[in-house]
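What follows draws every value from the coordinates through simple rules; no lab data is involved. Please read all numbers here as calculations on a predicted model, not as lab measurements. In this analysis, Cβ positions are derived from the backbone assuming ideal geometry, glycine residues included, and neighbour counts consider all displayed protein chains.
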Amino acid sequence: MIPATVERRARWVLDSIGATELGFGDDLPYDAAAWEQVDRGERPLGDDLADGFFHLARVEERNGPRDEHGRFRAEWSCLDPLDPPLERLRRKLGVGTRDGEPRFTIALTHDVDTPWRWTRIGLRGAAARLKQNVRHARLGPAVREATGLATVPLHRVRGTDPNWRFEQILAEERRRGATGSSFYVIASHHDPHDGAAAEDYGRLRPRLVETLLDAAGEVGLHGSYTAADDPVRLAAEKQKLEALAGPITGHRYHYLRVDPHRNLAPLADVGLRYDTTLGFPDAVGFRAGIARPFRPWNFEREEPLDLIEVPLAAMDATLAEERYLGLAAKRAEPQLMQLLDWAAEFGGAFAVLWHPDRFDPATSGGWDSLYSRLLVGAQERGGSCVPAAELVSSHST
């Protein structure tokens, strides 16, 4: 006799990978010992379905370590992020791609953390970074900071800014065959991690939203640093952004501060349709062991949430920042192409995150060109690039 809880858990795994016609206990055997291991928080090696639940429900994170921002990192996971076990199970069970689907789909996403670089605070920060880079003989970063500062007078005359490239980003995406992309906007600043120029962001927010909507970009909520710990604040931020943009369906937490056992349920409670925060800050790949949208598991109710999670497979900051992989754009390219090669072979539907402040050709250090090569590479491999909301709609039917 299979316990009802185990039956629901197994059914959720099978439905999440598209194996809707297979039966648990009939087509796939029930291993009681394996599911008991899951209950103890242990990985059940030897039973693919129980192991699939372990990863997809993020059991290893329930009592796992967290970094200074409350995040679970790839270095603590038993997963190989680029060999997702749910995808292996999908192939083993013979689950195929639906007719008419592209080989794989990428949701193009952008977190708007700093819409305007040359605020007074931004200028002071650039000058301080230039001084530090010169002091430590970091030639490349020093040249980029100096180049950026040298352009300030011209930007002031023109009324432009290197970070305000939203229309150009969308135009480049469409030129490369994408149908558009999603931009996650901070609705309120409550903490220094949300950005130093809160007043400037607040002044620009209406214009930012109008610009994105006029250019047919998707506007989503970028839940602030402390909203990850405060459902009331999260609801207020959604309401504030909707006053400018209309109904909001998508979300990503600032700093990727997602805990699947604590702060995904509040997203569903405030009426958001999807989230795309669940990725490793320190690695390219799939944090839940699956490369396609799914509904996260709620252990309190023993059922999936009324929320779709779009796996976040790659982020520019993961590749570029010294606290993570610390790669130059040229050295980062093989990792992105490896992800595309994997997707071309096995399929999938996932998100990629590129911040808008990496699109200024004069100061980006090649990250703007790498993004274009990512789009071209996806198209050449038979993939499609779409806004996150479009991906969610196509995988909800």
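Starting from the Cα-Cα distance between residue 157 and residue 121, subtract it from 0.36 nm times their residue separation and give me the gain in nm to one decimal.
Going from the current span to full extension adds 11.1 nm.
For a quick check: with amide H placed at 1.01 Å from N, whose amide H comes under 5 Å from residue 181's, ignoring anything fewer than 5 positions away on the same chain?
Here 218 satisfy the definition.
I need the fraction of alpha carbon pairs in the chain separated by more than 29 Å, rounded to a whole percent.
For the chain, the fraction of Cα-Cα distances above 29 Å is 44 percent.
With Cβ to Cβ distances under 12 Å as the rule, what net charge do the other residues near residue 169 carry (K, R +1; D, E -1)?
My count for the surroundings of residue 169 gives -1.
Which value, in debye to the nearest 20, describes the size of the charge dipole of the stretch 53-208 about its Cα centre when Lys and Arg Cβ atoms bear +1, Asp and Glu Cβ atoms bear -1, and nothing else is charged?
480
Which angle between 0 and 90 degrees, to the nearest 10, do you get for helix 231-245 versus the longest principal axis of the chain when only C-alpha atoms count?
Around 60 degrees separate the two axes.
Any chance you could get the radius of gyration and Dmax over the Cα atoms of the stretch 4-92, in Å?
Reported Rg and Dmax, both Å: 13.6, 46.
Take the alpha carbon atoms of the stretch 280-342, find their center, do the same for the stretch 180-258, and report the distance between the two centers in whole angstrom.
Here the two parts' Cα centres lie 21 Å apart.
If you average the sequence gap of Cα pairs under 8 Å that are 6 or more apart and divide by the length of the chain, what percent do you get for the contact order?
This gives 23 percent for the chain.
In debye to the nearest 20, how big a dipole does the chain give about its Cα centre with +1 on each Lys and Arg Cβ and -1 on each Asp and Glu Cβ?
Once rounded to the nearest 20, the dipole reads 1660 debye.
Which percent, nearest 5, of DSSP beta bridges in the chain are antiparallel?
Percent antiparallel among DSSP bridges in the chain is about 10.
Using unit Cβ charges (K, R positive; D, E negative) and no other charged atoms, how large, in debye to the nearest 20, is the dipole of the stretch 118-160 about its Cα centre?
For this selection, approximately 100 debye.
Which order results if 134, 13, 209 are arranged by neighbouring Cβ count within 10 Å, fewest first?
Going from sparsest to densest Cβ surroundings: 134, 209, 13.
To check you understand DSSP bridge types, tell me what percent of the beta bridges within the stretch 269-365 (both residues inside) are antiparallel, rounded to 5.
Restricted to the stretch 269-365, the bridges split so that about 40 percent are antiparallel.
All other residues with a Cβ under 14 Å from the Cβ of residue 234 taken together, and with Lys, Arg as +1 and Asp, Glu as -1, what is their net charge?
Surrounding charge for residue 234 is -3.
Would you mind ranking 262, 11, 90 so that the residue whose beta carbon has the fewest other beta carbons within 10 Å leads the list?
The order, fewest Cβ neighbours first, is 262, 11, 90.
Could you compute the net charge surrounding residue 375? Neighbours are other residues with a C-beta less than 12 Å from the C-beta of residue 375; K and R count +1, D and E count -1.
Overall, the nearby charge balance is +1.
Among 181, 372, which comes first, second and so on when ranked by fewest other beta-carbon atoms within 10 Å?
Lowest count first: 372, 181.
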